[in-house]
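Heads up, the thing below is written out as structure tokens.
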Amino acid sequence: MNSEQIKNSLNISPAIRVGVLGFGGLGQAAAKVVAGKREMILVAAADQKGYAYATEGLNTEKSVATYQSHGSVGYLEPIGTLTNQSIQDLIEIAEVDGYFLALPNLPNDFIPNVAKEFIKSGWRGVLVDAIKRTTAVEQLLAMKEELQAAGITYMTGCGATPGLLTAAAALAAQSYAEIHQVEITFGVGIANWEAYRATVREDIGHMPGYTVEAARAMTDAEVEALLDKTNGVLTLTNMEHADDVMLEVAGIVGRDRVTVGGVVDTRNPKKPLSTNVKVTGRTFEGKISTHTFTLGDETSMAANVCGPAFGYLKAGRQLHQRGIYGIFTAAEIMPQFVR
């Protein structure tokens, strides 16, 4: 095969039909990412109040505009539907190969419960999430046999961190005979916290003196008051972050040697610091060394979360087509670049 024949062979498969559950800031960013892909087509989107579904694909601009003006894609004419059980209703009628769960994991069992809805429905395909907390991922890992029996390939922890940086740590670990420490530090900058309300609340839940439940119960006014006290900046240390369990399950390092922390600026799109992962270990020659993988400051949180998520969705789709079901993490499977 010459290079042209190889390129042509890669274009044979039809576009992967994608759905996005949750259409806040992250869900809208995900829709925009898919709009630029030839190998994927966004056919479904759902939020708390409704869903939109079109076999020929959704118009991303109209979907985002409708959500922003009316509060739900269910108002999108003529393909929107208003319902208070949007996920369940969408699963029943939509032909979708894979869903990205751009949902807030508040409380910690929310996304595992969504996965159970897919299992009950009899739907078969690929699910991808970008959830952060160790306890949530542990709940999903415990569902491995149920997911296998249901014919679902579930990719968990597939955003930026966990996700992109977890995979980088797994690769960096190959240089060492023993891993001493994995340290993940992130910097996030957003112009307006209200565009990512759920994500910011999850971050607040990691702060000293707060819990997931307390953060979830906060009103917008209370969040604003907290951000006023901190000048819009949230500093997070020693977070409960699923990178630890994912690297442990992959056999790379014990979770006690993984630390995650960072700074979130909710009033400035410029990152307050560069996002990176440092992997320190001992080589087979007995030398101690550190690999550092740093993300470019120009890439946004949305790009670093949604890009990998759809790369893992494509990888999950390939596994699913081979009859491989169950649950996998970003530390176990490499994402596939989506053109």
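Go through (1) touching a helix residue (DSSP H, G or I) at 6+ places or on another chain (Cβ under 6 Å); (2) farther than 23 Å from residue 306 by Cα; (3) acidic (Asp, Glu) and name the single condition residue 129 misses.
For residue 129, the failing item is (2).
Please state which of the following conditions residue 283 fails to meet, knowing it meets all the rest: (1) surrounded by fewer than 17 Cβ atoms within 10 Å (Cβ to Cβ); (2) under 17 Å from residue 184 (Cβ atoms); (3) of a type in the set (Val, Ile, Thr).
(2) is the only condition that residue 283 fails.
Show the residue pairs that are 6+ apart or on different chains and have beta-carbon atoms under 6 Å apart, the first residue being within the stretch 256-269 and among the basic types (Lys, Arg), the second being open to solvent by 20 Å² or more (accessible area, probe 1.4 Å).
257/181
Among all residue pairs at least 6 apart or on different chains, which show Cβ distances below 9 Å where the first residue, located in the stretch 317-329, is at pLDDT 95 or above and the second is assigned to a helix (DSSP H, G or I) and among the β-branched types (Val, Ile, Thr)?
Final answer for the pair search is 329/137; 329/166; 329/245; 329/249.
Given the conditions (1) touching a Ser or Thr at 6+ places or on another chain (Cβ under 9 Å); (2) within 22 Å of residue 164 (Cα to Cα), and given that residue 92 satisfies all but one, which numbered condition is not satisfied?
Every listed condition holds for residue 92 apart from (2).
Among 167, 177, 214, which is the only one that is more than 22 Å from residue 268 (Cβ to Cβ) and in contact with a strand residue (DSSP E or B) (Cβ under 7 Å, 6 or more places away or on another chain)?
Values: 167 fails: in contact with a strand residue (DSSP E or B) (Cβ under 7 Å, 6 or more places away or on another chain); 214 fails: in contact with a strand residue (DSSP E or B) (Cβ under 7 Å, 6 or more places away or on another chain).
The conditions single out 177.
Cβ contacts < 9 Å: first residue hydrophobic (A, V, I, L, M, F, W, C), restricted to the stretch 75-87; second residue at pLDDT below 95, any location; separation 6+ or different chain. Result?
Once the first residue is hydrophobic (A, V, I, L, M, F, W, C) and sits in the stretch 75-87, its partners that are at pLDDT below 95 give 87/103.
Any residue at all in the stretch 240-251 that is without any contact (Cβ under 8 Å) to a residue 60 or more places away in the chain and open to solvent by less than 60 Å² (accessible area, probe 1.4 Å)?
Here is the first cut: in the stretch 240-251, the residues without any contact (Cβ under 8 Å) to a residue 60 or more places away in the chain are 248, 251.
Those still in the list that are open to solvent by less than 60 Å² (accessible area, probe 1.4 Å) too: none.
The answer is no; no qualifying residue exists.
Going by the conditions given, is residue 26 at pLDDT below 95, within 28 Å of residue 190 (Cβ to Cβ), outside any loop (DSSP other than H, G, I, E, B) and not β-branched (Val, Ile, Thr)?
yes
The values are calculated or read from the model by the stated rules, or taken from the named source; none is laboratory data. Since we're looking at a predicted model, the values are computed, not measured. Every residue, glycine among them, receives a Cβ derived from its backbone with ideal geometry; neighbour counts consider all protein chains shown. Areas reflect the complete protein model, heavy atoms only, side chains present, ligands, DNA and RNA absent. Shrake-Rupley method; radii C 1.70, N 1.55, O 1.52, S 1.80 Å.
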